[in-house]
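Contents: one structure, followed by commentary.
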């Protein structure tokens, strides 16, 4: 196995004479314990899975380096040394920054980004970790403000703006909630929380 490049924790590799299973030019992309096989030059998933935001980065990189990848595939198919390819650069994938933030009673945040996109970020998975535990107090949670393109709470808790953008979802992608049920106040919050948690699984 030859490692072609690494970026954002992603490792991209290519094997020599790797035509036994997929019968198409492809690369192997790993992130932590996950692995996916992507066709080249299309970037189509042939096998495996990868976290959604990492998949977007990997496929963007494939699109940029299609010709170089195909050249490496030809070399690998003939047992020749392949060449390293430049990683995905920060300026290529600069994500929008936060303009406004609104805390919600279910420990989510409604974020408006600099591209005017509105998305929902779920803070609940972090509320049992370190200094984020104090945000379980709603008055502390509601202290969140925009800060230097991201967000920050009164005692310094924050998130990277890339995390906020890549791990948040559009309100239109949330499961629909019955209007009559929504009027039941706290019951609506419980249903909304379960909907978010189901999407995160």
Take the stretch 152-162 and flag every residue that is part of a strand (DSSP E or B) and under 21 Å from residue 8 (Cβ atoms). 158, 159
So, residue 86, is that one over 30 Å from residue 137 (Cβ atoms), part of a loop (DSSP other than H, G, I, E, B) and more than 16 Å from the chain's Cα centre (by Cα) or not? yes
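Filter the strands (runs of 3 or more DSSP E) completely within the stretch 98-148 down to those with at least 1 residues that are outside the structural domain of residue 162 (by TED's automatic domain parsing), out of contact with any strand residue (DSSP E or B) (no Cβ under 8 Å at 6 or more places or on another chain) and surrounded by 14 or more Cβ atoms within 10 Å (Cβ to Cβ).
Hits in the stretch 98-148: none.
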Could you say which residue among 69, 57 is more than 17 Å from the chain's Cα centre (by Cα), touching a residue at least 40 places away in the same chain (Cβ under 8 Å) and within 24 Å of residue 94 (Cα to Cα)? 69
Within the stretch 66-83, can you find the residues that are surrounded by 12 or more Cβ atoms within 10 Å (Cβ to Cβ) and touching a helix residue (DSSP H, G or I) at 6+ places or on another chain (Cβ under 9 Å)? 69, 82
Check off (1) surrounded by fewer than 14 Cβ atoms within 10 Å (Cβ to Cβ); (2) outside the structural domain of residue 165 (by TED's automatic domain parsing); (3) out of contact with any strand residue (DSSP E or B) (no Cβ under 6 Å at 6 or more places or on another chain) for residue 47 and give me the number that stays unchecked. (3)
Let me confirm something: among 74, 42, which residue is over 20 Å from residue 6 (Cβ atoms), assigned by TED's automatic domain parsing to the domain that holds residue 6 and assigned to a helix (DSSP H, G or I)? 74
When the stretch 22-34 is checked residue by residue, the ones that are in contact with a strand residue (DSSP E or B) (Cβ under 8 Å, 6 or more places away or on another chain) and over 14 Å from residue 1 (Cα atoms) are 22, 24, 25, 31, 34
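The values are calculated or read from the model by the stated rules, or taken from the named source; none is laboratory data. Model, not experiment: these values are computed from the prediction. So basically every Cβ, Gly included, is an ideal-geometry build from the backbone, and we count neighbours across all protein chains shown.
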